[in-house]
Structures are given as C-alpha cells and as structure tokens.
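The values are calculated or read from the model by the stated rules, or taken from the named source; none is laboratory data. Small disclaimer: the values here were computed from a predicted structure and weren't measured. Using ideal geometry, Cβ is built from the backbone for each residue, glycine included, and neighbour counts are taken over all protein chains shown.
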Amino acid sequence: MYIVRVALDIPLSTLFDYFLAENMTVVEGQRVVVPFGRKQVVGVVIECAERSDLDTTRIKTVLQVLDDVPPLPAELLKLIKFCSDYYHHPVGMTVMSALPTRLRDSLPLALKQALTYVLSNSGRALDLEQLPKRKQVQLRLLRALQGSSLSAAQVRAVSPTAPATLKLLMEAGWVEACAVSATPSRHTFNEEHQLTAEQQACVDAVNQSQGYQTYLLHGVTGSGKTEVYVHLLQQVLQRGGQVLLLVPEINLTPQLEYYFRSRFPDTELVSLHSGLNDSERTQNWLLAQAGRAGIILGTRLAVFTPLPQLALIIVDEEHDASFKQQDGLRYSARDVAIFRANERGVPIVLGSATPSLESYYNAQSGRYTLLKLSQRASEQAQLPTVRCINISNALLPEGVSPQILTALGERLLRGEQSLVFINRRGYAPVLMCTACGWLSDCPHCAGKMVLHLQDRRLRCHHCGHQTKVPHGCPGCGNADLQPVGIGTQRIETVLQAHFPEARVLRVDRDSTRNKGAWNAMRKQIQDEAVDILVGTQMLAKGHDFHNLTLVCVLNPDNALYSSDFRASEKLFAQLAQVAGRAGRGDKPGEVLVQTCFPDHPLFRALRAHDYDSWATTLLTEREQAGFPPFVFQVLLRAEGKEESEVYDFMRLARSSAAALAMQVEIYGVVPAALARRANHLRVQLLIQSDTRKNLQQFLRAWRPLLDELPAKKLRWSLDVDPLEF
Ligand code: ADP
Ligand code: ZN
Ligand code: ZN
C-alpha cells in the first residue's frame, strides 16, 4: 500500500498521511478528497511515500482522486513550501490559500472547455454590408471574427453584450465553437511609440539579461514605464513565453488590460484579482496553467499562478503596501515574486517612481540593477512645479487656503481640470461638543467615529459601528456639536459652495462603492465632464488624465510626525504619485501643498523632484536608528477580549523567546497603534535581527513554542517583514 502526504486547510504545521487504495493512482500536486474528522475535505498531495511513521490503524484512505485539472507543477509546490517556511504559516493552509476558491471545493470541477469561436461556412459567406447597421455589436463581432478566431475573453473585449450576441450568431449557424488548439496563436504587436533613448536603454538592459536578475526601474511619473513594459512583453511573447505582471490594486487592472490588449490584440491576456467571480478566476488560472495565456495581469494572489512558460515578471508600483497581505498568509507578493524569478532563472522588473527604501537600498548595494527614467516620455509633458503654502499662521475654518481657491478659479476659467487630494473620507474625522469637549469616540474601538453628513451618521472606519448623528451632546445635552477637521465630503461641499458653476466630483471609497461606479467616473473625467476632482489616494495612482493641470494637497502634516517609522516614506511616495497626475498632457502642471512645515526636508525634496536625496536622508536615519532595511523584523500580534489572557500569552511568548538566547533583539510587549478594535484588545511584540538568516533560525525555534502556549480565546499571528504596526 502506498501512503500519500496531503496538505489540508488545517492550522497545523504538518502534512496528513493517507492510504491510497489499490485501484488509485496519484501524482504529487494532484487534488484528492479525504476524510478528516467527520468531514470530507479537499487537499493537495505533496509527497508519495512507501510507509508512514504513524500507527497504520489510524491512517484513513483517500476517498477520491480529482483529475479535473492538471496537477500543480513542482515549481509551484516549491514556491508555496518556501512561503510556508519563510512566513511560518502552516503548510496546508499556505497551499490551499494559493488555490482559486473553486479548486478548494470537494465538488469536482465541471469545467467549460476553453473554446474558440470561428465563422462557419455560411458565416464566411455573409455580406456584412447587407446586415442592419443598427446592430452594431453584431457587426463588430462578425468583423472581428473575419480577422481571426476569438477566445471567450476576446469576445468580451468587443463589448460587454458581445457574449449574448455571440449566442444568437451561433443559433443562426454563422459561428461555430471549437476546442482550443494547442498551437500558439498568431502574434501581433502594435508599436505605438518610438521609444525614447532612456526607455530603449532600459529595454535593452533587461533583454540582455541571462537568467535571473532583479531590475529596479526607477522612473519619474509620466516617464513611460508602461511603454517599457510593453516592449519587454513584446520580446517575451514573440518567443512564446509568458509574462506575469503584478499590480497593487484591482482598480488599476482595467486600464492596463485595455492598454495591453490594444497593443497585443492576438495574445491571450487573463486577469486574476478579487473582482472576478470564482469560475472566471478558475478559468483564467487554468488558461495560465495551460500556457495559453501570454499575459497574466493580477493583484498579489496572482503570484501563485502556475506558469509553465514563465519568462519575465514585472511588479508595477513595487513600493505599494498593498502587495503585502495583512491576514492569513502574510506574504509580500513582491518578495515572493523575486524568489520565484530566482528559482525559475528569469528576470524580474520592479517599477516605481518612488521605490521602497528596501528596493532602493538593494539597488545601491548592487544586489539589484538600477534602471532610470529621469524625463517624462512625451516631449511636451514636463514635471509639475511644486509649491508649498505656509498655513502655520492661517485660520482655515473650511480647510482650504485662499491661494488654493484662487488657483482653482484660474483653472476653471481656462477649462482645465484640478484635483484636490485629501486622505480622509467622510465629512469630518470627529464630532465635538463645544461646551464640554465630548468627542465622538467609537464605543468598541480606541478610535473616533467619522461624521458622514450625507446620511447624517457617525461611522467607525475600524469596526463599522454606526449611529445617527445625535441632536444634542450625549455628555451635557448642549445642542452645538461641531465637526472638527476635514474629509472629502466637507471639501466637496465647500468647493461646490465657492464655485457653484463648477462640476465637482468626489472619488473615495464611499462614492465608488457600487460596482461599475468608478469606471463610469473615470470615463466622466476622461470626457472632461468634470472640473474639480476631490478624492483620496484612489486618485493618486497610475491614472493618466490629460487635461489635469493642478493638484492641491490639503493636509499632509499628520504623517510627518507619526510614530510609524515608515510614515514619511509613504507620505513622500503618495505626494509624488499624486503630484505626478498634473501636467501629463501638453499644458504645464502645478502642485500646491498646504503645510505648517514648508521647510521640512520632505517638502524640499518634493519641490525639487529629488527622490534620491530624500531616500538617502531616510536611509541614513534608518541606519542610525536601527530600522529596516538595515535590520529584519517579525511582529507577534495577539488580540482577544480578555485583557489578562492576552497579556499572559504575550508575556509567556516573550519569555520563551528570551530563553532561546539567540541572536535577536527582543522588544517589550506594547499595545498596537489601534489598541482596541471591535472590543478586542490588540497587543504586539517586536523582534528583530541584523540578518534574515538569524531571524529565520530564531523563528524556527520559537514558532513550535508559541503553538504550545495557552490561547483559548485569543487570536495570534506572526508577521514576518511587517509593514504595519
Ligand atoms: P508612468 O507609468 O511612468 O507614469 P506612462 O507609462 O503612463 O508613465 O506614460 C505616460 C504617457 O507618456 C502616456 O500617455 C504614454 O502614452 C506616453 N508615452 C510613453 N512612452 C512614450 C514615447 N516613447 N513617446 C511618446 N509618448 C510616450
Ligand atoms: Zn457636551
Ligand atoms: Zn469601532
């Protein structure tokens, strides 16, 4: 009898042994259904063995071997194993979290076979001129089919209603479906731009690489990084390779998808992100696994896609914290991607206008190769002028300085767009009683409830708790409650009152909650049906609005003196990104920043567009203070309702760490930045080391001790290379 070792979605750091019945065959990476307790669950076979160390009477037998999809390739299993080891997350849970949800299900997958659509004989005989002109989608679809066969994704790209139209055409007998042929489709490349010399140098450098190398593509906003990606893709695709392109946010995928599809119309492009439903996601994952998709565009989870022809990885906006998963398997998709590229022996390009200090440091020390784009790509487009408005002596009850109002007014007269950036949604961050000083605290968290005036509610952005805005102060009954501070809704109201004729659009998580809302807004902006945009970081990233010439930043100062040592790094990145939205067309851009500290080195660097000097300053500070990238950290977090239980757990955890007497520095047990959330106390313990190796050695010894500690009613987790504290 054979034994298989199976990864299951169980919080234990072991694999589980099962017998394989005589009539079953299985290979590593295949999914199986096994009994576990009283349930039947799906797992992945990680090893096949002759015998087990367990008592054979306790070993159960595999119920079913699933062969609806090909087994996970060895390369992927190795990658997952690395993640489990490095992030100290149970191996079974790591394997299962890397799979699309549909494949974690014990129901065998009834897969639609991937099909392509071609014109039938009668379809080819059609004279399109004779067909009714008003059926536009039908015409476009037929025209596209005359050009080549289409995949389901390519059909969808014609129009959202094209799949329905396709069905009608098939019923009419004009179109036939056939199984996908394994031969790679034709490759076409629409070369749109002549590369600038700088762009060409970057493309050449990466193309010349032999095997693995990490490139840091540091290019100012508007320098045409996307165009560099396109040309790199071109090299890989024409050789039949696959490219994995990771982006931080699902919001950025539609525009990139469109950009790449228009440049490589015959290449299968699949996207992988949480906006897809389970079956779309599985389908796309399988297209990637089959090697049929040339371009795989996705958010962090896409790093675990099986890619037999993988030849290049690109991580766009590599500095973005969204690449780090904040729960479960707390991995950094960027770092995992680098590991993967190394294992596969392929180049990886990390792109950013404001690289993370970790990557910048690695480029300085020669571990990564630095590629620079110092100019905007289009000749007319210049980097915007950045000016600070000193508001340290100004009273701004409405939050907007007169200089900014004047500048907005000028843009309105000239018919140009402006963007007002403020990193707070809602009307005001807190409501206050002018008589007794009562503040709108959340009853369940250590934070304040935000005033949302549109529906007259107070909302906690941490736990979701909400109440009606009270008529009087809950403390003293005073009727005069005042909003304190500014949020997007308040600025929208203020600007609309000041410029009644202007078309003001607010873009934040509240206004874009409905599906499709953000796409519609983006179109509105592109069509220049908006004069003033008020928004949060959603507007800061990646967008290319040609008529936008003014960016105003209202309250950046909080982050300057934050307790989070990464706060100023993040602020610079955010401001440089948002500033980069201005002046991307042929009109010059201007950026106005309201601050009480115009002489702060951060603003000096921002005005000079001098990322390098700013990064150098920060790196010096980090080295002196002993912070990353000069040390390596792990954070143990615990949260629970019982204060004594949480602290007892952490104290024991700390003493067991100290007792190991290894080469790490152990800090004290402290409350998290948000000390209480949804009635759970949150506590943390930081441990760091000079080398990754020492930290990992320590974690291997410490993790089993943690598993032994009493933790009935609390949750705890380890966060390796934490970004949030
Ligand atoms: P980034 O991602 O670096 O901010 P983009 O890739 O969005 O910059 O490019 C900025 C703009 O410059 C886009 O409108 C793009 O079409 C244009 N562009 C890129 N490369 C070139 C080029 N070689 N010549 C002319 N325009 C270019
Ligand atoms: Zn009061
Ligand atoms: Zn709350």
Task: Single residue of region 27-62 satisfying the filter (closer than 28 Å to GLU75 by Cβ and polar (S, T, N, Q)) that is surrounded by the most Cβ atoms within 10 Å (Cβ to Cβ) - done: GLN30
Task: Tally of residues being more than 19 Å from the chain's Cα centre (by Cα) and either within 24 Å of GLY583 (Cα to Cα) or touching a residue at least 12 places away in the same chain (Cβ under 8 Å) (or both) across region 203-217 - done: 10
- [ ] Check ALA394, ALA353 and return the single one that is exposed (fewer than 14 other Cβ atoms within 10 Å of the Cβ) and either out of contact with any Ser or Thr (no Cβ under 9 Å at 6 or more places or on another chain) or not aromatic (Phe, Trp, Tyr) (or both).
- [x] ALA394
- [ ] Kindly provide the set of residues from region 676-700 that are farther than 16 Å from PHE632 by Cβ, surrounded by fewer than 20 Cβ atoms within 10 Å (Cβ to Cβ) and away from ligand 3 (no atom under 16 Å from the Cβ), ordered by number.
- [x] none
- [ ] Please go through region 550-570 and pick out each residue that is surrounded by 22 or more Cβ atoms within 10 Å (Cβ to Cβ) and aliphatic (A, V, I, L, M).
- [x] LEU550, VAL551, VAL553, LEU554
- [ ] Identify all residues within region 62-79 that are in a helix (DSSP H, G or I) and either of a type in the set (Ser, Thr, Tyr) or under 23 Å from THR25 (Cβ atoms) (or both); write none if there are none.
- [x] ALA74, GLU75, LEU76, LEU77, LYS78
TODO: Kindly indicate whether any position in region 493-514 is at pLDDT 95 or above, surrounded by 17 or more Cβ atoms within 10 Å (Cβ to Cβ) and polar (S, T, N, Q).
DONE: yes
Open item on the list: Just checking, does region 418-429 include any residue being closer than 30 Å to GLU501 by Cβ, among the basic types (Lys, Arg) and more than 16 Å from ligand 2 (Cβ to nearest atom)?
Closed with: yes
Task: Subset tally (residues that are in a strand (DSSP E or B) and within 32 Å of the chain's Cα centre (by Cα)) for region 422-439 - done: 2
Open item on the list: If I ask for residues that are in contact with a Ser or Thr (Cβ under 9 Å, 6 or more places away or on another chain) and within 23 Å of ARG566 (Cα to Cα), which ones from region 326-350 would you list?
Closed with: ASP327, GLY328, LEU329, ARG330, TYR331, ALA333, ARG334, ILE338, LEU350
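Every residue, every condition in (1) of a type in the set (Ser, Thr, Tyr); (2) touching a strand residue (DSSP E or B) at 6+ places or on another chain (Cβ under 6 Å); (3) more than 30 Å from LEU395 (Cβ to Cβ), yes or no:
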| site | (1), (2), (3) |
| --- | --- |
| VAL593 | no, yes, no |
| LEU602 | no, no, no |
| HIS609 | no, no, yes |
| SER613 | yes, no, yes |
| ARG622 | no, no, yes |
Task: Condition broken by SER271, with the remaining ones in (1) in contact with an Asp or Glu (Cβ under 9 Å, 6 or more places away or on another chain); (2) in a loop (DSSP other than H, G, I, E, B); (3) closer than 26 Å to HIS319 by Cβ satisfied - done: (2)
- [ ] Could you tell me whether any residue of region 514-530 is away from ligand 2 (no atom under 16 Å from the Cβ), in contact with an Asp or Glu (Cβ under 9 Å, 6 or more places away or on another chain) and β-branched (Val, Ile, Thr)?
- [x] no
Task: Residues (touching an Asp or Glu at 6+ places or on another chain (Cβ under 8 Å) and either aromatic (Phe, Trp, Tyr) or farther than 12 Å from MET170 by Cα (or both)) located in region 115-143 - done: TYR117
TODO: Could you please tell me which pairs satisfy a Cβ distance under 8 Å, a separation of 6+ or placement on different chains, a first residue in region 430-445 that is touching a residue at least 60 places away in the same chain (Cβ under 8 Å), and a second residue that is aromatic (Phe, Trp, Tyr) and within 16 Å of ligand 3 (Cβ to nearest atom)?
DONE: none
Task: Single match in GLU379, GLU410 (criterion: assigned to a helix (DSSP H, G or I) and acidic (Asp, Glu)) - done: GLU410
Open item on the list: Among the residues in region 595-606, are any in a strand (DSSP E or B) and either basic (Lys, Arg) or surrounded by 15 or more Cβ atoms within 10 Å (Cβ to Cβ) (or both)?
Closed with: yes
Open item on the list: If I filter region 300-345 down to residues being in a loop (DSSP other than H, G, I, E, B) and among the aliphatic types (A, V, I, L, M), which single residue comes out as farthest from ALA205 (Cα to Cα)?
Closed with: LEU329
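Among the residues of region 651-666, are any closer than 24 Å to VAL220 by Cβ and of a type outside the set (D, E, K, R)?
no
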Open item on the list: Looking only at residues that are near ligand 3 (Cβ under 10 Å from one of its atoms) and small (Gly, Ala, Ser) in region 434-452, which one is surrounded by the most Cβ atoms within 10 Å (Cβ to Cβ)?
Closed with: GLY447
Open item on the list: I need the full set of residues from region 233-256 which are outside any loop (DSSP other than H, G, I, E, B) and either over 23 Å from the mean Cα position of the chain (by Cα) or more than 21 Å from HIS319 (Cα to Cα) (or both), in order please.
Closed with: LEU233, GLN234, GLN235, VAL236, LEU237, GLN238, GLN242
Open item on the list: Just to verify a result, which residue in region 5-49, among those that are among the aliphatic types (A, V, I, L, M) and part of a loop (DSSP other than H, G, I, E, B), is nearest to SER106 (Cα to Cα)?
Closed with: LEU8
Open item on the list: Suppose we keep only residues that are away from ligand 2 (no atom under 16 Å from the Cβ) and among the hydrophobic types (A, V, I, L, M, F, W, C) within region 453-476. Which one would you say is surrounded by the most Cβ atoms within 10 Å (Cβ to Cβ)?
Closed with: CYS460
Task: helices (runs of 4 or more DSSP H) wholly inside region 115-159 that include at least 1 residues being surrounded by 16 or more Cβ atoms within 10 Å (Cβ to Cβ) and of a type in the set (S, T, N, Q) - done: 136-147, 152-158
